[in-house]
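The values are calculated or read from the model by the stated rules, or taken from the named source; none is laboratory data. These numbers were taken from a predicted model, which means no experiment stands behind them. Cβ: placed from backbone, ideal geometry, glycine included. Neighbour counts: every protein chain shown.
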Ligand code: SF4
């Protein structure tokens, strides 16, 4: 990648005009990533474009302060950029630079993860499951991304209720039944959920730590689609209510079962979508600079120029064996540092399903890959 730099820094109208003239003279209309620098040297904004020159020139056309581009360029005194082989490469590089540099204007105008929701399992004592818009804590576990935060939140409430897990927003000290200092406070109800048996009450000695952890394990297994205990329990209760002719209660339980089933369907689709994002993707590049991306479970694990010689081909096959050889447990859990990349890939293949024609399936995963377009299109249509 070639880097070009514009100097000297510009701040007022004359200097902006000079910077614009330099962009016009110097920048090429090809994919790339650009950075806007403040006078202090701070990178205030990172962007990407399929046509870098056209994009950069557009910053100088907007009226200040109404136009977003005009506001950004007025903060910048210096622009530099890297050309990339393709738009896909530009997207990846932009995401990585934003993650590394955290430019303040990108953070202020952040848009990528607003459409998505994640289920977060917090760390610490008596972890809880909540719906969040994106990662806020590196050590927490995240499951997602999902469309429709409201629907996911409703279904998650049923899961918490079915397993007796806490969902209190205010973090309070937990007092398990096997902790010695609990006796004075054990009779004080934690909240209404404890009173109506929707929470085990880890805050008021309603359960031991191991009892709570066992329920949390069931929740994790449900989210990984490996256990149906919460659904089975509700279904049994529903049938029992029906047999006792308690139809109102049976109907309420049926609604709960449906909401949990919805969550299960969302997770199955998600797991399927994540597993399906596993293939070798070759992207044609500018002037023949084609690249190969080894993608596994929604993350680029290796990238290199497309092979031209027998040696290159052998090296690529070795990389393929390294990336796809080791077994990985299927799960809908996504490590925090991989979320942005998975969102980017989901969005890319959702927007351009025809790009799936360029993927080479990894032999033992070919069945999943065949369905990738369907899974990703469904996700994209719901966005
Ligand atoms: S009973 Fe205690 S731990 Fe459970 S939700 Fe209420 S306040 Fe939270």
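Quick notes on this structure:
- Of the strands (runs of 3 or more DSSP E) lying entirely inside region 42-136, those containing at least 1 residues that are in the same structural domain as residue 13 (by TED's automatic domain parsing), at pLDDT 90 or above and touching a strand residue (DSSP E or B) at 6+ places or on another chain (Cβ under 7 Å) are 43-49, 78-83.
- Checked against the criterion of being within 15 Å of the ligand (Cβ to nearest atom) and farther than 16 Å from residue 120 by Cβ, the candidates 164, 148 yield just one match: 164.
- Verdict on residue 245 being more than 30 Å from residue 179 (Cα to Cα) and not assigned by TED's automatic domain parsing to the domain that holds residue 348: yes
- Within region 167-195, considering residues that are assigned to a loop (DSSP other than H, G, I, E, B), modelled with pLDDT under 80 and surrounded by 11 or more Cβ atoms within 10 Å (Cβ to Cβ), the one farthest from the ligand (Cβ to nearest atom): 179
- Residue within region 207-214 that is at pLDDT below 90, part of a loop (DSSP other than H, G, I, E, B) and surrounded by 14 or more Cβ atoms within 10 Å (Cβ to Cβ) present: no
- Residue 347 falls short on exactly one of the conditions (1) in a helix (DSSP H, G or I); (2) at pLDDT 80 or above; (3) surrounded by fewer than 17 Cβ atoms within 10 Å (Cβ to Cβ), and that condition is (3).
- When the criteria are applied in full, residue 199 meets the requirement of being near the ligand (Cβ under 9 Å from one of its atoms), within 31 Å of the chain's Cα centre (by Cα) and modelled with pLDDT of 80 or more.
- Count of residues meeting criterion [in a helix (DSSP H, G or I), touching a residue at least 60 places away in the same chain (Cβ under 8 Å) and closer than 22 Å to residue 83 by Cβ] in region 273-313: 1
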